[in-house]
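Right, one structure below, let's go through it.
Here, each number is a calculation from the coordinates, and none is a lab measurement. Computed from a prediction, not measured in an experiment: that's the story for all the values here. Every residue, glycine as well, gets a Cβ built from its backbone with ideal geometry; the counts of neighbours run over all protein chains shown.
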Amino acid sequence: MKIILTVGHSILKTGSCTSADGRSFGGVLEYAYNKNIVYQAAAYLQSAGHQADILICPELKFGKSTDEREYKLSRVNSGGYDLVCELHLNASRFHNARGCEVLYKSEKGKQVAQRILDRLTTVFGNRGVQRREDLYMLNRVKPTAVMLETFFCDSSDDCALAEKTDVALLIAEGIHGSHISLTPDRPAEGLFSSGMLYRVQTGAFTVCKNAEALKKELQEKDIDAFITVADLGKLFYRVQVGAFSVRKNAVNMQKVLRKAGYDAVIVRA
Ligand SMILES: [Zn+2]
């Protein structure tokens, strides 16, 4: 199958994240969690013989959350995909709900949704598959589509279960339809057709303005730098160059940056 895994939500220009945030309830930030597992899920799918691309919205670019929609739809609908699977986490009004639900619209989507639910509910509570007509990722896309609400990001109990579970593997197995035996630690080099594997990081700041200044300085030297946001309890604005699908190219860029007097470490995109 040709699959695209999309990460729900984004970080807006203002630095605020459009996703649910369970951190003040002993949980996780929905967007950051899914962004963290999506590469591994794609790697498992690749190892089972599928093509698996990843779609994450650019960070600090969109003015409003609805900008995410057109960005994703155009890519999902032009890629010739058989399946789109969007990763979300649930949250509840009183922060007391738990469990997994998988959303679908079409009959084909329902079958995939049920398979994924069956794997995820070996760990999380079962809230069932649910037919939804009101979600653009289900009703405006060409491929068969499912949306995961894998667990509740504002439940410390669910998050504790997620912590000791290879959630990416369960999702990949649900999509694949059976067990996946190969368990790569990390995605192998060049594994993703979408690239985005290595970046060279020249700084990480808690103040966005400082990151902007370094980015500008690099750009004035014709180095194509950009900022990504990492959620490590508090937000870090990381200035990076890349991405490179081949590590050697990242190493070459690291040398260029170090020669120019910058800190430069290679990180996984
Ligand atoms: Zn969400």
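Within the same chain, lysines fewer than 8 places from Lys105 are excluded, and of the rest, those with a Cα less than 28 Å from its Cα are Lys2, Lys35, Lys64, Lys72, Lys142.
Rounded to the nearest 20, the Cβ-based charge dipole of the range 198-268 about its Cα centre (Lys and Arg +1, Asp and Glu -1) stands at 280 debye.
The order of the peptides 87-95, 39-47, 260-268 by mean Cβ neighbours within 10 Å, most packed first, is 39-47, 87-95, 260-268. If you run the Gaussian network model on the chain, springs between alpha carbon atoms under 10 Å, then out of Gly99, Gly174, Gly26 the most flexible one is Gly26.
Around the Cα centre of the chain, unit charges on the Cβ atoms of Lys, Arg, Asp and Glu (plus for the first two, minus for the last two) sum to a dipole of about 500 debye.
At the listed q of 0.11, 0.16, 0.25 Å⁻¹, the Debye profile of the range 1-101, built from one uniform point per Cα, gives log10 I(q)/I(0) equal to -0.37, -0.76, -1.30. Between the helical axis of 208-220 and the longest alpha-carbon principal axis of the chain there is an angle of about 60 degrees. Ignoring lysines fewer than eight residues from Lys255 along the same chain, the ones with Cα atoms less than 19 angstrom from its Cα are Lys215, Lys221. DSSP beta bridges confined to the chain are antiparallel in about 55 percent of cases. For Lys209, a cut-off of 16 angstrom between C-alpha atoms picks up these lysines, skipping any fewer than 8 places away in its own chain: Lys13, Lys61, Lys234. Computed over the chain with a Gaussian network model linking Cα atoms closer than 10 Å, the most mobile of Leu148, Leu120, Leu235 is Leu235. Inter-label distance, Leu135 to Asp263: 3.9 nm, where each label sits 7 Å from its Cα along the C-beta direction. Ordering Leu55, Ala225, Ser181 by Cα displacement along the dipole of the chain toward the positive end leaves Ala225 in first place; charges were set at the Cβ atoms of Lys, Arg (+1) and Asp, Glu (-1). Let me have the 222 nm mean residue ellipticity of the chain computed from DSSP H runs of 4+ only, each contributing -39500 (n - 2.57), with the sum over all residues rounded to the nearest 500. Only helices count here, giving -10500 deg cm²/dmol. Remark: relative contact order (the chain) = 20 percent; criterion is Cα-Cα distance under 8 angstrom and separation of 6 or more residues.
Peptide packing for 72-79, 132-139 was compared via the average number of neighbouring C-beta atoms within 10 Å per residue; ordered from the highest value, the list is 72-79, 132-139. For the range 85-113 versus the range 252-269, the inter-centroid distance based on Cα atoms is 41 Å.
For the chain, a Gaussian network of Cα nodes joined below 10 Å ranks Glu30, Glu217, Glu149 by mean-square fluctuation, and the top entry is Glu217.
Rounded, prolate or oblate: which fits the range 2-176, taking a ≥ b ≥ c as square roots of the Cα gyration tensor eigenvalues, rounded meaning a/c under 1.5, else prolate when a/b beats b/c? Judged from the Cα gyration tensor, the range 2-176 comes out rounded (a/c under 1.5).
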